[in-house]
Amino acid sequence: MKVLHVITGLGIGGAEQQLRLLLRHLPDRHEVVTLTNPGAVAAGIRADGSPVTHLGMTGNRDLGALPRLTRLVRRGGYDLVHTHLYRACVYGRLAARLAGVRRVIATEHSLGEAQIEGRPLSAGTRALYLASERLGTSTVAVSPSVARRLADWGVPPARIRVVPNGIETDRFAFDARARRLTRGVLGIPEDAYVVGGVGRLTPGKRFDRLVRAVASVPEARLLLVGEGGERAALLRIAEECGAADRILLAGACEDPPTVTSLGPSLPELLAAMDVFVSTSPDETFGLAVVEALAAGLPVLYVACPAIDDLTPEAAPGARRIGESVPELVSALRGIGDARLVRLPQPAAARRYDIARSADQLMSLYDQAVHGTPSPAK
């Protein structure tokens, strides 16, 4: 089977890195087209052995990208086209149809309660989404919560399949040596109480509240992994709160790393933390929470469909909290000595292993192309 993946961009982000992880575990031949921004993840995909083509799209209304993408799909002789993220889904589904490829699967990575890919939902956004969705074979939701949102939007439930996001679970197992070395590299004392967070530094992640909360807990330090437009504002808040020396913004972290990656890996950064906090109130899955649980961290989260869709026994180290700063402060103080004990990997971490997600996706591919799903593993 020859599959083409079309994605909006390949900078460091959840959907982008999820595609790279899947390609590492999918058989057959897979190629990738990125409409824009062939960033660090594109380099990682190439290093893993899959070719990446940059279409050079200049914006949402660059209609000239459509014939270029159509010609590329037609020349490739693909059995199936798989699209990722809103712009790629709109253009990719249409290009595949124009090129004569009838089997088109789309993954919905980022449909929240009130936003899609960080942008507010609108009637126009929904109408265009639904119009292009009809051109595909099926739509993959990364969680049951996203599947329900798609159905509420108007996507026929019979066209929706759930294939959850995943992680390479074994890579995140806690390593005490990595903890010591990473803290040394970052200049964090061995006995420090480190609160951690991972994600793009955007307003929707509400990291400003986490900075204020940590500033109100004098014994705590914050290690925030990610990059984005809110970096300067977060540093300013830390300064205003008198906690600039306790707030460390570690920048973006490509995961999995490549040979050219600099600095500690994401599992090593998680090993350096004592408790993990996710302050985002609107998530489609909550991959960072699953990674933190796999690292044995106690987790405090505002919203995480990946955990809320399971029974409490699947992730006993995770606790849902309110999103206000006082509630965050109270939760951080309530962790107590729990930070001194690393938890075993919970059932949720194994449930969301990327190999299982890849098997489910291959079954969907086989069903679309051959009419019969491959045996479940």
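Odds and ends about this structure:
- Its Cα gyration tensor gives the chain an equivalent ellipsoid. The semi-axes, each the square root of 5 times an eigenvalue, are 36, 21, 20 Å from largest down.
- Here the extension length gained between Ala176 and His54 equals 39.9 nm, from 0.36 nm per residue of separation less the Cα-Cα distance.
- On a per residue basis, the convex hull of the C-alpha atoms belonging to the stretch 41-191 measures out at 186 Å³.
- For the stretch 135-179, Kirkwood radius (reciprocal of mean inverse C-alpha pair distance, Å): 12.7
- Sparse packing (at most 12 other Cβ atoms within 10 Å of the Cβ) combined with a DSSP loop state is found for none of the chymotrypsin sites (Phe, Trp or Tyr not before Pro) in the stretch 170-243.
- Once the Kirkwood radius over Cα pairs is known for the stretch 186-242, the Stokes-Einstein relation at 25 °C and 0.890 mPa s delivers a diffusion coefficient of 209 µm²/s.
- The mean sequence separation of alpha-carbon pairs under 8 Å and at least six residues apart, normalised by the residue count of the stretch 261-353, gives a relative contact order of 29 percent.
- In this rough spin-label picture, where each label sits 7 Å from Cα along the Cβ direction, the Leu121-Glu313 distance is 3.4 nm.
- Helix-only mean residue ellipticity at 222 nm for the chain, each DSSP H run of n ≥ 4 adding -39500 (n - 2.57), per residue, nearest 500: -11500 deg cm²/dmol
- GNM result for the chain, Cα springs below 10 Å: residue of Leu201, Leu66, Leu262 fluctuating most strongly: Leu262
- Ratio Rg/Rh, restricted to the stretch 152-266 and using Cα atoms, in which Rh is the Kirkwood radius: 1.07
- Among the trypsin sites (Lys or Arg not before Pro) within the stretch 143-250, not one is in coil by DSSP while having at most 12 neighbouring Cβ atoms inside 10 Å.
- GNM flexibility winner over the chain from Gly39, Gly112, Gly196 (Cα, springs under 10 Å): Gly39
- Share of alpha-carbon pairs per 5 Å distance bin for the stretch 102-195, given as whole %: 3, 11, 18, 16, 10, 6, 7, 9, 8, 8, 4, 0
- Choice from Val33, Val146, Val101 showing the highest fluctuation, given a GNM over the chain with Cα pairs closer than 10 Å: Val101
- Relative contact order (%) - the chain, alpha-carbon pairs under 8 angstrom, separation at least six: 15
- Cα-only Debye scattering, the stretch 239-329: base-10 log of I(q)/I(0) at q = 0.17 Å⁻¹: -0.85
- Carbon plus sulfur fraction of accessible area for the chain, probe 1.4 Å, in percent: 53
- Per residue, in Å², the accessible surface of the chain once ligands and nucleic acids are set aside, probe 1.4 Å: 42
- Kirkwood-based shape ratio for the stretch 1-94, expressed as Rg/Rh from alpha carbons: 0.93
The values are calculated or read from the model by the stated rules, or taken from the named source; none is laboratory data. Every value quoted in this text rests on a predicted model; they were computed, and no experiment measured them. Neighbour counts are summed over all protein chains in view; Cβ atoms, including those assigned to glycine, are modelled from backbone coordinates with ideal geometry. For accessibility, only protein heavy atoms count, side chains too; no ligands or nucleic acids. Shrake-Rupley method; radii C 1.70, N 1.55, O 1.52, S 1.80 Å.
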